1. Could you please tell me which pairs satisfy a Cβ distance under 7 Å, a separation of 6+ or placement on different chains, a first residue in the stretch 247-261 that is closer than 16 Å to residue 134 by Cα and at pLDDT 90 or above, and a second residue that is charged (D, E, K, R) and buried (at least 24 other Cβ atoms within 10 Å of the Cβ)?
2. Could we say that residue 450 is touching a Ser or Thr at 6+ places or on another chain (Cβ under 8 Å), modelled with pLDDT of 80 or more and part of a helix (DSSP H, G or I) here?
3. Checking residue 269 against (1) among the hydroxyl-bearing types (Ser, Thr, Tyr); (2) modelled with pLDDT of 85 or more; (3) closer than 25 Å to residue 138 by Cα, which test does it fail?
4. Go through (1) under 25 Å from residue 199 (Cβ atoms); (2) open to solvent by 10 Å² or more (accessible area, probe 1.4 Å); (3) within 14 Å of the chain's Cα centre (by Cα) one by one and return the number of the condition residue 254 breaks.
5. Those residues that are assigned to a helix (DSSP H, G or I), more than 26 Å from residue 343 (Cα to Cα) and modelled with pLDDT of 75 or more, I need them from the stretch 18-53; list them, please.
6. Of all residues being modelled with pLDDT under 80 and out of contact with any helix residue (DSSP H, G or I) (no Cβ under 6 Å at 6 or more places or on another chain) in the stretch 386-403, which is least open to solvent (accessible area, probe 1.4 Å)? Just the residue, please.
7. Being open to solvent by 20 Å² or more (accessible area, probe 1.4 Å), more than 25 Å from residue 56 (Cα to Cα), among the hydrophobic types (A, V, I, L, M, F, W, C) and in contact (Cβ under 8 Å) with a residue 40 or more places away in the chain is true for just one of 119, 167, 171. Which residue is that?
Amino acid sequence: MEPSPPQVLFTPADYVIFALLLAASAGIGLYHAVSGGRQRTTQEFLMADRSMRCLPVSLSLIASFQSAVAIVGVPAEVFAHGTQYWFIGCSYVLGLAIPAHVFIPVFYRLRLSSAYQYLELRFSKAVRVCGTLTFIFQMVVYMGVCIYTPAFALNAVTGLELWGVVLVTGLVCTLYTTLGGLKAVIWTDVFQTVVMFAGQLAVIVVGVQKTGGAAEVWRKVWEGNLVSGLDLNPDPTERHTFWTLGVGGVFLMLSLYGVNQAQVQRYLSSRTERDAVRSCYMVFPSLQLALALSCIMGLVMFARYCGEDPSDKLGSSSRDAMVIYFVMDMLQGLPGLPGLFVACLFSAALSTISSALNSLATVTMEDLIKPSFPSMVETRATLLSKAVAVFYGLLCLAMAYLTHLMGESVLQVALKIFGMVGGPNLGLFCLGMFFPWANSTGAVAGLGAGLAVAFWVGIGSLVTRGDGGGPRPPAPGCDGAPRPGNASVSVATAITTQRTLLQGRAAGLRSFYSLSYMWYSALGCITVVLVGLAVSLLTGPTREEDVAPGTVLPLLARRKLCCPAAAPVTTLLQTDVSGPQTSPPQQKETNGLVSPAESERFLEFETAV
């Protein structure tokens with residue numbers, strides 16, 4: 001069918017709904033600014049006084065990375081390439097179970113504020129600073145993607161000035177994050193998660209109804225060959241297969257839900273370790289629901305237009321514009337619903353950006369500023385934390401402009417960022433937790449090598465446009481035949497694509513650049529571990545007495561190279577507490593983890609000091 005351009009303009013009802021979203025988010029921030037301890041301490045502002053229950057924490061974990069990128073990018077991906085992307089849901093099992101039983105116990109029992117404090121406790125201050133700077137770079141770039149996506153949507157729908165929308169979004173988010181701290185961020189995430197699901201459901205229900213019902217949608221999707229089977233092709237240059245999504249996706253999930261400060265900070269804000277673990281498990285069904293809704297929206301889009309791509313009617317060649325066109329086409333004549341969907345996009349963006357701002361303020365204060373100024377009074381530290389959050393809020397506006405210059409799908413850009421930077425960071429933590437003999441020199445060398453390899457592949461793929469095997473030829477129409485008028489084009493495209501692949505695989509580096517972006521996290525992580533271990537063995541493995549208790553979970557049996565031994569946890573104490581230090585009570589030797597009772601004694605000692 002030939003879709004007609006949507007004639008939707010925001011009605012007063014749409015503006016009211018959208019304004020209520022922004023007002024509610026800002027109101028939650030104001031409430032937490034004047035309630036409780038009024039964000040007067042860094043513990044309250046950055047860690048919510050470690051008093052959060054598992055339900056709000058779990059919803060906040062979902063909202064942190066279920067951004068507007070996913071709401072727009074996943075339907076566009078399914079519309080263009082079929083349902084193969086849905087198999088990334090298989091990676092959620094290990095991607096959440098491993099953090100629940102490996103990373104959360106270690107971080108929580110050490111009573112950290114920043115995940116990168118672990119790196120100093122395990123390795124050295126230099127490793128901690130390197131990990132912190134890597135995380136800051138990753139989140140600043142990702143914030144640009146997140147803030148640009150909903151602004152683009154609102155610009156396409158209402159004609160409002162794109163950069164005016166970007167500015168308003170960034171300022172509102174910065175406002176409630178700065179005023180209300182982590183508590184405000186978590187509770188706005190809860191509210192915004194509900195809005196996200198409501199907006200997606202509204203579009204799907206109306207879309208199915210206007211397309212002729214669920215049976216008609218399924219018929220068109222099936223005849224259009226959009227339903228992908230289990231692709232077990234082991235070729236790592238294939239863009240999406242079961243292995244790239246189900247296995248490569250595990251490394252991506254671990255980099256997000258295992259060691260990323262935005263998520264670790266939520267675990268550490270929980271009242272107990274059990275609440276932190278339960279919140280991680282509660283994320284699983286919600287993530288599966290969010291993935292299903294996004295994929296179903298892509299299928300309904302395909303059924304509505306039979307594979308045609310009318311996004312150019314919005315003045316953009318981006319696949320992501322297709323989602324905005326579809327929403328406006330479905331919701332025209334239904335006052336309030338366009339506003340609900342745009343509110344859905346902005347909810348996703350605000351939750352992600354606020355999480356990033358709060359985590360960035362935390363690592364900047366705990367890892368970069370406090371160690372350099374240990375005598376800073378609490379009131380000044382809290383004010384400085386808020387100023388740092390404002391600074392990062394303004395910086396994300398600049399990054400939105402860089403996102404505007406990229407020509408790729410926002411989903412692919414976001415996953416590449418997480419892969420190229422998050423993968424090496426994951427490798428750094430794995431090196432410390434699983435290999436007792438790894439030393440500081442090996443950690444720094446491994447991180448440098450991992451980042452170099454990941455950026456080499458990522459930038460090489462952008463320059464050569466090697467997209468992990470490239471997108472498949474345009475999808476056929478709803479009758480299973482090639483789109484009318486495009487038969488010769490499709491055949492020529494298929495022949496050209498095949499020829500390009502053959503030439504690329506024979507061209508050495510071009511084949512390397514064609515690695516699927518879903519493998520970037522695994523590539524970076526494995527490079528860090530292998531290089532880190534090799535350099536550690538060459539420069540002298542870590543001695544037994546140098547490993548702090550609670551920092552290692554040996555993968556292998558006890559070795560002569562190094563075994564975790566009881567050592568005073570003075571490094572961490574000296575980082576966070578000013579004044580003269582004394583030795584803590586003698587601890588029993590452990591196998592790498594400190595028991596809950598022992599960790600409580602560590603906390604009592606730290607408080608006493």
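The values are calculated or read from the model by the stated rules, or taken from the named source; none is laboratory data. Everything numeric in this text was worked out from a predicted model, so none of it was measured. Here the Cβ positions follow ideal geometry from the backbone for every residue, glycine too, while neighbour counts run over all protein chains shown. Note: accessible area is taken over every heavy atom of the protein model, side chains too, but ligands, DNA and RNA are not part of it. Shrake-Rupley method; radii C 1.70, N 1.55, O 1.52, S 1.80 Å.
1. That search, which allows pairs on different chains as well, returns nothing.
2. On the way: touching a Ser or Thr at 6+ places or on another chain (Cβ under 8 Å): yes; modelled with pLDDT of 80 or more: yes; part of a helix (DSSP H, G or I): yes.
Yes, satisfied.
3. (2)
4. All conditions are met except number (1).
5. none
6. Across the stretch 386-403, the extreme among qualifying residues is 398.
7. Answer to the check: 167.
The rows are residues; the columns are (1) hydrophobic (A, V, I, L, M, F, W, C); (2) in contact with a Ser or Thr (Cβ under 6 Å, 6 or more places away or on another chain); (3) in contact (Cβ under 8 Å) with a residue 24 or more places away in the chain; (4) on the phi > 0 side of the Ramachandran plot.
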{"residue": "428", "(1), (2), (3), (4)": "yes, no, yes, no"}
{"residue": "431", "(1), (2), (3), (4)": "yes, no, yes, no"}
{"residue": "434", "(1), (2), (3), (4)": "yes, no, yes, no"}
{"residue": "437", "(1), (2), (3), (4)": "yes, yes, yes, no"}
{"residue": "456", "(1), (2), (3), (4)": "yes, no, no, no"}
